[in-house]
1. Just how much of Glu105 is accessible, in Å², when a 1.4 Å probe is used and the result is rounded to the nearest 10?
2. Keeping every protein chain in place, order Tyr275, Tyr349 by accessible area at 1.4 Å, biggest value first, i.e. largest first.
3. Compute from the Cα atoms of the stretch 225-290 the Rg and the Dmax, the latter being the longest Cα-Cα distance, and quote both in angstrom.
4. Using the Cα centre as the reference, give the magnitude of the dipole from point charges on the C-beta atoms of the chain (Lys, Arg: +1; Asp, Glu: -1; all else neutral), rounded to the nearest 20 debye.
5. What does the charge count around Tyr233 come to, taking other residues whose C-beta lies under 9 Å from its C-beta (Lys +1, Arg +1, Asp -1, Glu -1)?
6. Got a sec? Charge dipole of the chain, +1 on Cβ for Lys and Arg, -1 for Asp and Glu; which of Leu100, Gly259, Tyr275 is way out at the positive end?
7. Taking trypsin sites (Lys or Arg not before Pro) as exposed when DSSP calls them loop (any state but H, G, I, E, B) and at most 15 other Cβ atoms lie within 10 Å, what is the longest stretch of the chain free of them, the sites themselves excluded?
8. Calculated from DSSP H runs of 4 or more alone, at -39500 (n - 2.57) each and per residue, what is the 222 nm mean residue ellipticity of the chain, nearest 500?
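The values are calculated or read from the model by the stated rules, or taken from the named source; none is laboratory data. Note that this is a predicted model, so its numbers are computed, not measured. With ideal geometry, Cβ positions are generated from the backbone for all residues, glycine too; neighbour counts draw on all protein chains shown. The accessibility values were calculated without ligands, DNA or RNA, using every heavy atom of the protein model including side chains. Shrake-Rupley method; radii C 1.70, N 1.55, O 1.52, S 1.80 Å.
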Amino acid sequence: MDQNQEFFELKDKILYLKGKWVVENAKDIQKKISNFVGFERVDISLVDEIDTFGGLLISKSFDKSKLSGKNEKVESVLELVLSNLAKIPKVKKKTLLLRLSNYLEKKLKDYLFFLNFIGNSTIDFISKISDFEFRTFIKDIQNMGVGAIGIVGILSFLIGLVIAYQSAAQLRQFGANIFIVDLVSISIVRELGPLIVAIIVSGRSASSYTATLGLMKVQEEVDTLDTMGVSPYTLLVLPRILSLFIVMPLLIVFADIIGIFGGMIVSNLVLGVNYAEFLDRASRVVTIKSFLSGIVKGPVFGIVIALIGTSEGFKVEQKAESIGTHVTASVVKSIFSVIVIDAIFSVIYRWLKI
């Protein structure tokens with residue numbers, strides 16, 4: 001019981017409270033308070049120092065009727081704590097149904113905002129096309145297209161290496177080394193190339209759009225444009241949509257070439273498929289239909305990523321911390337949307353027998 005002597009002493013069924021009952025000692029007091037049972041009264045006369053946190057501990061840990069002893073400082077703090085506790089309304093715990101309804105309500109508002117954003121953008125694109133700024137469009141192509149070549153190339157090359165390397169052992173068992181070309185080429189051209197590019201652009205472009213427009217929203221630049229009669233949708237949103245619409249297919253073609261090149265290197269080193277054989281078979285297995293089935297996804301991915309990134313920027317509130325929240329949301333929503341759209345394309349291609 002020596003370790004508890006600083007704050008407590010149990011004697012003749014009376015628990016004496018001692019020492020400094022302040023916020024700095026709250027953790028120690030809470031750890032030790034459960035060690036004492038079987039007392040009939042709680043004496044507060046030996047408490048040297050107390051603050052409102054200590055008073056809250058005493059009021060919540062002990063029955064008021066058991067308190068005894070004379071200590072004006074403790075009594076005044078307890079009176080203050082108890083009087084304020086009575087004024088605090090009790091918060092009802094949210095039920096599962098209430099939490100679910102709040103979540104659905106929030107999601108419904110998000111979807112309605114997004115649809116309203118698309119509607120306003122479309123109207124302004126048509127009625128205020130003169131506000132379109134070509135320099136912003138060219139600059140965005142440079143930033144989101146040329147600027148993404150490095151990371152797209154590295155990841156696509158590594159994806160090609162990994163696919164070929166993981167498949168090599170299985171194909172070698174059956175003497176089907178040459179089929180590594182089919183596996184690498186078709187999988188990259190139809191699925192992995194477009195998907196990797198879309199995920200990279202979601203992380204780079206969607207977050208950049210949200211941060212840029214969000215900062216402009218915080219600094220009230222967007223409202224200023226609206227006041228001046230300039231459409232913020234045509235000036236800020238349209239160039240970004242058009243730039244990704246153009247850039248995405250080009251990045252996908254680049255990713256396809258680099259990814260197949262990575263697979264070709266592993267095929268030569270591990271399976272002994274020389275470069276000439278690889279390229280000859282790849283030119284036969286990758287049909288125009290397969291190639292275009294991957295490229296077609298690019299503009300759709302680009303439009304969706306740009307719309308999500310810019311719409312989240314327009315949702316930013318007049319406080320800086322809101323930018324981080326919406327930047328995260330834009331990346332998550334973009335990647336989720338890209339994967340869902342890719343799945344829809346797969347179903348459509350299956351139905352069309354492409």
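1. 90 Å²
2. Tyr275, Tyr349
3. That works out to 21.1, 67 Å for Rg and Dmax.
4. Details: 39 positive and 34 negative charges, 226 e Å.
Roughly 1080 debye for the chain.
5. With Lys, Arg at +1 and Asp, Glu at -1, the neighbours total -1.
6. Leu100
7. So the longest stretch without any such site is 95-318.
8. Calculated from helices alone, the mean residue ellipticity at 222 nm is -22000 deg cm²/dmol.
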